[in-house]
Amino acid sequence: MLHIVYGGSASGKSSYAESFAMSLQGEGRLLYIATMYPYKWNTTEIDPETMQRIERHRAMRADKGFDTVECYRHVEHIVAKRQDVLLLECMSNLLANEMYLEPDAEAVGIAGKAEVDTETVGMAGKAGATAEVDTETAGTDSKADSGMSETLSPVSKKIVQALIDLSTRVQELVIVTNDVFSDGGSLTYDESTREYVKNLAEINCALAREAATVTEVVCGIPVIVKKNHPMGK
Amino acid sequence: MILIIGGAYQGKFEYAKANFKEGHQIINNFHKYVRKTMQQGGDPELEAKQLMNKAVLAGNADKLVLVSDEVGSGIVPIDAFEREFREKNGRVNCYLASQAEQVIRVTAGIGTRIK
């Protein structure tokens, strides 16, 4: 099942999402899909502010039982087991990477490389990923083709389809996404940023439509905005 | 303590005045205090904690109404100070919400109690 957790910056959404994912864990693993790309500010060093954010999140989830998978884009190549609970943190970074990362930038980090089928991503450092493929459940049947996906941009469509498909292959998929829509920026930002905002908005809408639960986190407080009956959508 | 939050110009202060009258102390624009504290090199999270502790010791925490803007629902600012302010203000609001008896979110003048 698919779950969406959204909120503004520093709203406490990550902390809530981690607890929520932990509460969903059954027989399988807890996988943390980390999408923040460690930008280098010169040729070798990672930008200190980026590193600080990564470290903050690492510390926050330490001892919570997550196995980290660093996947900056091409999330369609994540292979997980049917029983696993996945937490993807977060959509705003994934979209930025899909839109702006240089084509030759790495798609996966060191942590959890084995959980990404790097052979199909065309990456160096191939790991034993095929052992992780659950052939029985690796269906590609996607619900994203219905309805409003006609109006999605190509990058939005790619992300939405990949994540809806991933949600059908695992026990639970919790996606953390951002509310970036209330600063009037759709009127004033440059074209590229407006395109980013629009993509993130349509991704959120498309995923929320398919999700079993949608929760907005406000000052650390979860506000449930959608909750389907367990028997149907 | 009662925390009233929401976007800019949503009628938070009016809501506070209309709903918390006798004996309540309303502090409006707490986010501006956060910002000013940062501009002066202080730690707004520490300031918020001290304010709460003082109110608890004085025995008037239940009469305290804090009104603050949510500022995190936009694109990451280019300016480093603005980025930090957005982050700190969010963390301060999370702290205040954790300490509050009630949290009310005001949107378009309408208050929704979320805690």
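Going by Cα centres, segment A:157-233 and segment A:8-86 are how many Å apart?
Cα centroid to Cα centroid, the span is 17 Å.
In debye, nearest 20, what is the charge dipole magnitude of segment A:152-233 about its Cα centre with +1 on Lys and Arg Cβ and -1 on Asp and Glu Cβ, if you could check?
380
Within 10 Å of each candidate Cβ there may be at most 12 other Cβ atoms; applying that plus a DSSP loop requirement, which trypsin sites (Lys or Arg not before Pro) in segment B:1-52 survive?
Loop-located and lightly packed - B:K21.
Sort A:I54, A:I110, A:I4 so the one with the fewest other Cβ atoms within 10 Å of its own Cβ comes first.
Going from sparsest to densest Cβ surroundings: A:I110, A:I54, A:I4.
Hey, what does the equivalent ellipsoid look like for segment B:1-83, semi-axes from the Cα gyration tensor as sqrt of 5 times each eigenvalue, largest first, whole Å?
25, 18, 8
Counting only helical runs of four or more DSSP H residues, what would the 222 nm mean residue ellipticity of the protein assembly as shown come to if each run contributes -39,500 (n - 2.57) and the total is spread over all its residues?
-12000 deg cm²/dmol
Taking 0.36 nm per residue of sequence separation and subtracting the Cα-Cα distance, how much length would be gained by fully extending the chain between A:S192 and A:I110, in nm to one decimal?
In short, 26.5 nm is gained.
Would you work out if segment A:17-77 is rounded, prolate or oblate? Take a ≥ b ≥ c from the square roots of the eigenvalues of the alpha-carbon gyration tensor; rounded if a/c is under 1.5, else prolate when a/b is larger than b/c, oblate otherwise.
oblate
Springs between alpha-carbon atoms under 10 Å, Gaussian network over chain B: tell me which of B:E22, B:E84, B:E45 tops the mean-square fluctuations.
So, out of B:E22, B:E84, B:E45, the one fluctuating most is B:E22.
Count neighbours as other Cβ atoms within 10 Å of each site's Cβ, and list the GluC sites (Glu not before Pro) in segment A:1-110 that are DSSP loop with at most 13 such neighbours. If you can, show how the numbers build up before the last one.
Working: sites: A:E18, A:E27, A:E45, A:E49, A:E55, A:E70, A:E76, A:E89, A:E98, A:E106; in loops: A:E27, A:E45, A:E106.
Listed in order of number, the matching sites are A:E27, A:E45.
Counting other beta carbons within 10 Å of each Cβ, put B:I78, B:I5 in order, fewest first.
Fewest-to-most Cβ neighbours within 10 Å comes out as B:I78, B:I5.
Work out, in µm²/s and without decimals, the Stokes-Einstein translational diffusion coefficient of segment A:1-49 at 4 °C, 1.567 mPa s, Rh from Kirkwood over C-alpha pairs. Write down the numbers at each step before the final one.
Numbers: Rh = 13.6 Å.
Estimated diffusion coefficient is 95 µm²/s.
Quick one: of the DSSP bridges fully inside the protein assembly as shown, what percent are antiparallel, nearest 5? Before the final figure, lay out the partial values.
Working: 13 of 50 bridges.
Rounded to the nearest five, the antiparallel share is 25 percent.
Kindly put A:L166, B:L51, A:L207 in sequence by how many other C-beta atoms sit within 10 Å of each C-beta, fewest to most. Provide the component values of the computation, followed by the final result.
Details: A:L166 22, B:L51 19, A:L207 25.
The most exposed by this proxy come first: B:L51, A:L166, A:L207.
For the protein assembly as shown, I need the span (max minus min coordinate) of the C-alpha atoms along each principal axis, in Å, sorted largest to smallest.
The Cα atoms of the protein assembly as shown stretch 67, 52, 42 Å along the principal axes, largest first.
Choose one of A:P103, A:T43, A:V85: the residue whose Cα lies farthest towards the positive end of the charge dipole of the protein assembly as shown (beta-carbon charges +1 Lys, Arg; -1 Asp, Glu; about the Cα centre).
A:V85
Mind checking the mean number of beta-carbon atoms from other chains within 10 Å of the Cβ atoms in A:68-75? Spell out each step's value before the answer.
Values: counts 0, 0, 0, 0, 0, 0, 0, 0.
Per residue, the number of nearby Cβ atoms from other chains is 0 on average.
Every number here is computed from the coordinates shown, using simple stated rules; none is lab data. Just so it is clear, the structure is predicted and the values come from calculations on it, not from any experiment. Methodologically, a virtual Cβ is constructed for each residue, glycine included, from the backbone with ideal geometry; neighbour enumeration extends over all protein chains shown.
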